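Input: a single structure, listed below in structure tokens.
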Amino acid sequence: MPAEPHLPPQPIPMLSVVGKSGSGKTTLLEKLIPALRDLDLRLAAIKHDAHSFEIDQPGKDSWRLKQAGSEAIIISSAEKLAIVQDTSVDLPPRLLQERYLHGVDLILTEGYRAEDLPKIEVHRRARSSDLLCGPEDNLIAVVTDEALQVAVPCFNFDEIGPLALFLRDYVRRRQQSTPPREALELYLDGVRLPLNPFMQQLVTDLMGAVLKNLKQASYHSTLQLILRAGPYPD
């Protein structure tokens with residue numbers, strides 16, 4: 001039987017670590033990531049930079065090719081790869097996940113306070129008297145150095161193990177509540193587009209008729225259609 005073609009992945013649980021500058025977000029993630037790995041979770045991380053940054057090294061071959069005018073550079077080896085690509089907008093984290101991050105159980109982001117993501121706030125009394133987020137901001141936990149009266153679990157900075165267990169249970173709940181994949185899904189440049197029941201049935205019937213005419217329907221459980229033509233008529 002032919003191998004099932006690659007399908008766009010199900011959304012991966014994503015958590016954003018937020019807090020004022022200097023509160024210790026990166027330090028917390030440095031300690032939290034190995035604790036989560038010890039619980040057999042596969043992880044990815046996204047660091048949000050509100051300013052322009054340069055990650056390549058001047059003088060290196062990849063930097064020279066980028067400076068020559070290439071809009072994207074991929075550096076690839078047997079151990080890792082990196083992509084340096086121009087963008088005209090600040091891409092949201094879910095789109096970054098859909099395009100680049102697969103095969104992990106949890107994505108931790110640093111920043112993205114304005115995004116509608118579940119959030120862990122890092123709070124230090126010396127940095128602020130109030131929290132940045134509330135329940136309306138999808139706050140699920142706080143890491144703090146003082147006692148707070150809030151409606152979400154609070155952890156001290158040295159409670160990395162309990163926080164990791166809390167997040168593992170969160171991931172399990174998300175995985176169990178993820179609905180089964182629909183029979184028909186439509187993606188445009190890696191972004192999933194919603195289809196109403198009428199359009200789902202229409203496209204399903206149309207492609208079923210195509211497969212029946214080709215006498216191939218009995219050999220494939222999944223159909224992958226790639227359409228590269230465009231622009232499309234209104």
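Among D61, D40, D145, which comes first, second and so on when ranked by fewest other beta-carbon atoms within 10 Å?
D40, D61, D145
Given R₀ = 25 Å, what would the calculated FRET efficiency be for D116 paired with I55, taking r from the Cβ atoms and rounding to 0.05?
With R0 = 25 Å, the Cβ-Cβ based efficiency is 0.35.
If each residue's Cβ is checked for other Cβ atoms within 10 Å, how do R42, R99, R94 rank with the fewest at the top?
R42, R99, R94
Restrict the search to the range 26-122; then list the chymotrypsin sites (Phe, Trp or Tyr not before Pro) that DSSP places in a loop and that have at most 10 other Cβ atoms within 10 Å of their Cβ.
Qualifying residues, ordered by number: F53.
For the chain, build the charge dipole from Cβ charges (+1 Lys, Arg; -1 Asp, Glu) around the Cα centre, then report which of P135, C154, L188 sits farthest towards its positive end.
The Cα lying farthest towards the positive end belongs to L188.
With each label point set 7 Å from Cα along the Cα-Cβ vector, what nm distance links L132 and L91?
The two pseudo-label positions are separated by 2.3 nm.
Which value in nm describes the separation of the simple spin-label points at E185 and K212, placed 7 Å from the Cα toward the beta carbon?
Going by the 7 Å Cα→Cβ label model, 2.7 nm.
Under 27 Å Cα-Cα from K31, which lysines qualify once same-chain neighbours fewer than 8 residues away are excluded?
Correct list for K31: K20, K47, K80, K119.
Which of the trypsin sites (Lys or Arg not before Pro) found in the range 105-166 are loop residues per DSSP with 11 or fewer other Cβ atoms within 10 Å of their Cβ?
Passing both the DSSP loop test and the Cβ count: R125.
For a quick check: sort C133, C154 by the number of other beta carbons within 10 angstrom, fewest at the front.
C154, C133
Note the listed values [x] 213; [y] 130; [z] 148, then indicate which one is volume of the Cα convex hull per residue in Å³ calculated from this particular structure.
Working out volume of the Cα convex hull per residue in Å³ from the coordinates points to [x].
To make sure I understand the rule: partners must be aspartates and glutamates, Cα under 14 Å from the Cα of K25, and not fewer than 8 residues away in the same chain. Which ones qualify?
By straight Cα distance, K25 reaches D49, E110, E121, D145, D158.
State the antiparallel share, in %, of DSSP beta bridges confined to the chain, rounding to the nearest 5.
The antiparallel proportion sits near 30 percent.
Using the Karplus equation 6.51 cos²θ - 1.76 cosθ + 1.60 (θ = phi - 60°), what ³J(HN,Hα) coupling, rounded to whole Hz, does each residue of the range 76-84 give in order, writing x for Gly and Pro?
3J(HN,Hα) across the range 76-84, in whole Hz: 10, 9, 6, 10, 7, 9, 9, 10, 10.
Can you pull out the GluC sites (Glu not before Pro) in the range 23-99 whose DSSP state is coil and whose Cβ has at most 13 other Cβ atoms within 10 Å?
E54, E71, E79
Can you list residues whose amide H is under 5 Å from F155's amide H, if they're 5+ apart or on another chain and H is modeled 1.01 Å from N?
Here V142, V143, T144 satisfy the definition.
Computed from the coordinates by the stated procedures, all read-outs in this text should not be read as laboratory data. Only a predicted model underlies this, so the values are computations on that prediction, with no experimental measurement involved. Note that each Cβ is placed from the backbone with ideal geometry, even for glycine, and that neighbours are counted across all protein chains shown.
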